[in-house]
Amino acid sequence: MEPVSPTIPRKQRLATVWLAGCSGCHMSFLDLDEWLLELAQQADIVYSPVACDRKDYPAAVDICLVEGGVGNTDNLVLIQQVRANTTVLVSFGDCAVTANIPGMRNMLEGADPVLRRAYLELADGSGQRPHAPGIVPELLERVLPVHEVVPVDVYLPGCPPSASRIRAVVEPLLRGEWPELSGPDLIRFG
Amino acid sequence: MAESYPELEPVLQRHEHRADGLIEVLNRAQELYRHLTPPLLRHIARQLHLPFSRVQGTASFYHLFRFSPPARHRCLVCTGTACHVKGAASLLAALQREPLNTWGIELGSVRCIGTCSGAPLVVVDQQVWNQQSCASVLSGLRELRP
Amino acid sequence: MKACLRVCTAASCRSRGGASLQHSLSEAVARAGLEHGLRVKGVGCLGPCSDGPLLAMDADPKAQTQLYGSIPVADGAQLVASLMEAAAQHTLAHWCPAGGLRIDLNHPFFQLQRRLVLEHCGQIDPTSIEEALAAGAYRQLERVLQNNNPAAVIEQVRRSGLRGRGGAGYPTGLKWAAVAQMPGTEKVVVCNADEGDPGAFMDRTVLEGDPHTVLEGMAIAAHTVGASRGLIYVRAEYPLAIARLRTAIAAAQGHGWLGTAIAGSRCNFDVELRVGAGAYVCGEETALMQSIEGKRGMPRPRPPYPAERGVFGLPTLINNVETFANLPALLRLGLETYGRGTKVFSLTGHVRRSGVIEVPMGTSLRTVVETMGGGTPAGRSIKAVQTGGPSGGCVPAHQLDTPVDYESLQSLGTIMGSGGMVVMDDTTDMVDIARFFMAFSREESCGKCVPCRAGTVQLDNLLEQILDRRATPEDLEQLESLCRMVKDTSLCGLGQGAPRPVLSTLRHFRDDYLALVPVETRR
Amino acid sequence: MNLYSLRIDDHDVAIAADSTVLQAAQEASIAIPTLCFLEGLSAVAACRMCLVEVSGNDTLLPACITPVQEGMQVHTATPRLQDIRRTLIELLFTEGNHVCGICVANGHCELQNLAVEVGMDHSRLPYRFPDRHVDLSHPLFGMDHNRCVLCTRCVRVCDEVEGAHVWDVGWRGEHCRIIAGLEEPWGAVEACTHCGKCVEVCPTGALFHRGDTTDEKHSDPARLQALMQARQQQRWNP
């Protein structure tokens, strides 16, 4: 994939997506504080659970930060749309990069045992399996890191990645450059 | 309460209660008592002056040692190379679909017993049955003493 | 009439009723009062296992030996009666047991063999040391003890070019010299009889058919390197070989060929049997030594080599069954006649005649598989021949003219290994074969080093993905690079060899992989 | 004392002839990554992190046990070795359940540090999510098998230093796990002296103090070296 061209003068179209994760990465994104104002000057936030009210993923997105693993059918549909409409897909935080905490349900091997465990075995008194087809998305058998579902361009690990680490990725991308990530400040898990 | 295993004494003595006799002693113990129980393993550890974890670690390393009692009959599908190229994998899969445990038969596999000209073969209670199919194994197993 | 019926009672024929055949024949002979004219004895492997149960007949005077296969085992009396009738009518030369078949001993399967290791296998009763002695057992040991010149023996072994027959092919003479050089009198000779490669049964054949030749080889080695303690580590999956070894060791001790002051010399050497408990990795020498010491069979890095610090910390010579069994023949024949020696193979898979053969080193694979084994049955063509077990590779059909020797096989991306040879016809999916071996290595990995413990699992999963047509071209790349990584970084031969079946099939049968991986795969 | 001189990367080193390549590298301040190795315990060369290239030798050698030789030329960080180390760490991460964000050792974990060192920003190999257990039967300590990398430091320290041999490795291959006693709950094993050395040497959060929560485990393997020095040489550094 070609890097985003640095010569294009227009504002970059930036999106953030929240899949199976705790939203902590997005909280960390908000920790960018006053730099967010700078960001707003350099980029249009075209889709984001914390900065935009749009419901459908738009076309022609330049950069997208994806938080969370792929854990249910909604996640799966969305990540396919993201990949199809995004130039630079950033796997944002440990859940996206490793499946992390949502992935711990994979040890139970399958969606059914997870639901049984959560809603029946661990219920006080009378447990009941939720059933709302078409409303609540179905769990996938396993939670997968994003790159096991669609190709990923940049990995931004951390639980959550600190605001400065997020900036170290987004800033060069906005300039049309690939971020160079190494060392404990930039790629440590956890 | 320490249980006693007098039948184990000869093999312990043959190895002079030395640690290097452990596998020989475990082999003999399984022959005598069909499987290895925690009291039996504790007894062996004490007799050979070995830590419990060392005895357990060694016993669990080797395929042939077992920690639960065997079924009345054992049917082992050979999954060596020669048997594999002649369909051992599908034979094993087919047998796995049968309710053999309800007949008192334990199904397992063995990695080549070195009589490959009979491939695919199964070993039933130490008898080798050559050139088997799922049907022939099942009909043979039905003949076994229940 | 004077004749001897040799019934194969080795494990393969035994599984087809060989032992009961021997029993019913002996009974029939006794009932007919023919013991003086007609002898029945059980022997080791007669060769073409696929035609078992096998029966050989040596009829006096000087009639050619006959070999019969597929003998119905039920009625020994009838067989003996028909045999006696044929003898009375002088039609023995054309006789064949009812329901059985006559096997042509002029077939290349027999004619192209050179039997040094297996010379007495199938001839003598392996439970009788008297028969072994009559066939020349322990004579080379006696000579070595009388000459008492270990350096000369080492020199002869070295010059013969004999290499370890267990798989790695290390020069035997060098190994012996290294142990001989070590100071001290407490040294150990270990015989590796943990023949674990699936589809390989050469060592089982030797141990079941002629155990004394192995004991003699060990004793010669012990005297030569200055060891007094011998250990044979044999896998538990070979109950008959274990029984034959126990009998042979006791008999050799009884006849003074093992024990103290062997044959009146100052040489003391005794052999103890250790039975494994199901762990393929114990065929690796450092794991085997751990297992002998009663521990988990986990390989350890070398150096120190066993020659410096082996079993119980003592200098140890460790060779496999076939290597030791070569010794008596080598010393008896001398360098010139011995030549390049032989290799024993077990021939199995999609081949008309399977069994155990011994051929001169350098015989081509085609000769072994097509001429001797008769090629594939039922009009299929050969796709590949697998050698070297889970650490080996596949030789494609168009390269069958490769001579069987260490270097030639290695240049094709496989190894000689211990001698298992599995023929695969054109119905075989080579990716499935690669997966079969990877699953084997995954199951048999001891778990000590990371690349083997975790790498074989990832490789096995990748191969499963490919077989299920769920893989991308990138997965194929990853398969190849992870294979190289596991090969380069694993601690012992099991892990280093585990990727070879994949790498070799990728090299020779890449189309089988590509057929399973769609060219344009978008995840 | 017999000295050998060798070249490691761009450094010339002279060191006692009975040293290992790892010691020689330390002498030259060249950091070779290690995981199963711990000064004070026997070396087992199992993790393969310290593999190095030696000129004239086709096989990679584990620095922790390879003796130095006169004139040896060692390369510790070639691109090939770097890729191997990253793959090794990926194999370890995908083999267990290493959820750094909720781990007691987060921020002080040798595995986590190695991931940074080898530049692992994600795993190219798929995660396996094995079903593993947590043993909280001991009054003072806990064992979380999800975080265990099977380095066997605990087994070795308990056997070689404490002499209790509570731990061993059970089973084999991918099923290997650290066992206490006859594979009993740790707290039920009478041989345990509650000394805590295993917790101290554990490179990850697998062995921990029961009260510790996320980020709170600070191991100090150097204490083992002090202990060994005191025992063997009767030398203390209070």
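Below is a table of values for the structure above.
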quantity: Which listed residue is in contact (Cβ under 8 Å) with a residue 24 or more places away in the chain, within 24 Å of C:H223 (Cβ to Cβ) and within 20 Å of the chain's Cα centre (by Cα), from C:G169, C:G184, C:G122, C:G164; calculated: C:G164
quantity: Evaluation of A:E109 against (1) modelled with pLDDT under 95; (2) within 12 Å of chain D (Cβ to nearest Cβ); (3) within 22 Å of the chain's Cα centre (by Cα) (one fails), failing number; calculated: (3)
quantity: Check on B:A45, closer than 23 Å to B:V25 by Cα and touching a Phe, Trp or Tyr at 6+ places or on another chain (Cβ under 7 Å); calculated: yes
quantity: Residue that is surrounded by the fewest Cβ atoms within 10 Å (Cβ to Cβ) [pool: residues in segment C:73-82 that are modelled with pLDDT under 90 and more than 28 Å from the chain's Cα centre (by Cα)]; calculated: C:A74
quantity: Condition broken by C:F437, with the remaining ones in (1) within 14 Å of chain D (Cβ to nearest Cβ); (2) in a helix (DSSP H, G or I); (3) touching a Pro at 6+ places or on another chain (Cβ under 9 Å) satisfied; calculated: (1)
quantity: Whichever residue in segment D:58-97 is assigned to a helix (DSSP H, G or I) and among the polar types (S, T, N, Q) and, among such residues, is nearest to the other protein chains (Cβ to nearest Cβ); calculated: D:T87
quantity: Filter result for the condition that a residue is closer than 22 Å to A:V88 by Cβ, touching an Asp or Glu at 6+ places or on another chain (Cβ under 9 Å) and touching a residue at least 24 places away in the same chain (Cβ under 8 Å), over A:G110, A:G190, A:G158; calculated: A:G158
quantity: Residue list for segment D:98-110, filter: more than 7 Å from chain A (Cβ to nearest Cβ) and closer than 30 Å to C:T472 by Cα; calculated: D:H98
quantity: Close pairs (6 angstrom Cβ cut-off, 6 or more residues apart or separate chains): within 17 Å of D:D144 (Cβ to Cβ) in segment D:211-226, of a type in the set (A, V, I, L, M, F, W, C) and surrounded by 12 or more Cβ atoms within 10 Å (Cβ to Cβ) anywhere; calculated: D:D212/D:V104; D:T214/D:I102; D:E216/D:V104; D:K217/D:V104; D:K217/D:A105; D:K217/D:F208
quantity: Residue list for segment B:58-74, restricted to those being more than 8 Å from every other protein chain (Cβ to nearest Cβ) and part of a helix (DSSP H, G or I); calculated: B:A59
quantity: Count of residues meeting criterion [within 17 Å of the chain's Cα centre (by Cα) and more than 10 Å from chain B (Cβ to nearest Cβ)] in segment C:265-289; calculated: 3
quantity: Selection count where residues are within 15 Å of D:T94 (Cα to Cα) and polar (S, T, N, Q), scope segment A:90-132; calculated: 3
quantity: Scan of segment C:196-231 for residues that are touching a Lys or Arg at 6+ places or on another chain (Cβ under 7 Å), under 24 Å from C:L314 (Cα atoms) and either within 14 Å of chain B (Cβ to nearest Cβ) or buried (at least 24 other Cβ atoms within 10 Å of the Cβ) (or both), ordered by number; calculated: C:V225, C:A227, C:L231
quantity: In segment B:37-57, residue surrounded by the most Cβ atoms within 10 Å (Cβ to Cβ) [restricted to those that are within 11 Å of chain C (Cβ to nearest Cβ) and either farther than 19 Å from D:G163 by Cα or out of contact with any strand residue (DSSP E or B) (no Cβ under 8 Å at 6 or more places or on another chain) (or both)]; calculated: B:V55
quantity: Test: residue in segment C:54-73 that is in contact (Cβ under 8 Å) with a residue 12 or more places away in the chain, touching a strand residue (DSSP E or B) at 6+ places or on another chain (Cβ under 7 Å), closer than 28 Å to C:L330 by Cα and in a loop (DSSP other than H, G, I, E, B); calculated: yes
quantity: Among the residues listed as A:P145, A:P133, the single one being of a type outside the set (V, I, T) and in contact with a His (Cβ under 9 Å, 6 or more places away or on another chain); calculated: A:P145
quantity: Of the criteria (1) charged (D, E, K, R); (2) closer than 23 Å to D:I102 by Cβ; (3) modelled with pLDDT of 95 or more, which one D:D215 fails; calculated: (3)
quantity: Flag if B:Y62 is among the hydroxyl-bearing types (S, T, Y) and over 27 Å from C:S441 (Cβ atoms); calculated: no
quantity: Failed condition for C:G447, given (1) out of contact with any Phe, Trp or Tyr (no Cβ under 8 Å at 6 or more places or on another chain); (2) outside any helix (DSSP H, G or I); (3) at the interface with chain D (Cβ under 10 Å from one of its Cβ atoms); calculated: (1)
quantity: Selection status of D:D131, more than 21 Å from B:A59 (Cα to Cα), more than 14 Å from chain C (Cβ to nearest Cβ) and either within 16 Å of the chain's Cα centre (by Cα) or buried (at least 20 other Cβ atoms within 10 Å of the Cβ) (or both); calculated: no
quantity: C:L467, sole failed condition from (1) within 13 Å of chain D (Cβ to nearest Cβ); (2) at pLDDT 95 or above; calculated: (1)
quantity: Residue count, segment B:75-118 (criterion: charged (D, E, K, R) and within 10 Å of chain C (Cβ to nearest Cβ)); calculated: 2
quantity: Single match in C:G313, C:G294 (criterion: within 20 Å of C:A236 (Cα to Cα), within 12 Å of chain B (Cβ to nearest Cβ) and out of contact with any strand residue (DSSP E or B) (no Cβ under 8 Å at 6 or more places or on another chain)); calculated: C:G294
quantity: Single unsatisfied condition, A:R142 versus (1) within 17 Å of A:V88 (Cβ to Cβ); (2) facing chain D (nearest Cβ under 8 Å); calculated: (1)
quantity: Answer residue from segment D:136-175, given it is surrounded by fewer than 20 Cβ atoms within 10 Å (Cβ to Cβ) and among the acidic types (D, E) and is nearest to the chain's Cα centre (by Cα) among those; calculated: D:E160
quantity: Close pairs from segment C:368-382: first farther than 17 Å from C:V344 by Cα and assigned by TED's automatic domain parsing to the domain that holds C:I357, partner part of a loop (DSSP other than H, G, I, E, B) and among the β-branched types (V, I, T), Cβ under 8 Å, at least 6 apart; calculated: C:G374/C:V351; C:G375/C:V351; C:T376/C:V351; C:P377/C:V351; C:R380/C:T427; C:I382/C:T376
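Okay, residues lined up against (1) closer than 30 Å to C:P328 by Cβ; (2) in contact with a Leu (Cβ under 6 Å, 6 or more places away or on another chain); (3) in a helix (DSSP H, G or I); (4) of a type in the set (S, T, Y):
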site	(1), (2), (3), (4)
C:C45	yes, no, no, no
C:H90	no, no, no, no
C:P97	no, yes, no, no
C:L105	yes, yes, no, no
C:E119	yes, no, no, no
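The values are calculated or read from the model by the stated rules, or taken from the named source; none is laboratory data. Computed from a prediction, not measured in an experiment: that's the story for all the values here. Reconstructed Cβ throughout: ideal geometry from the backbone, glycine too, with neighbour counts over all protein chains shown.
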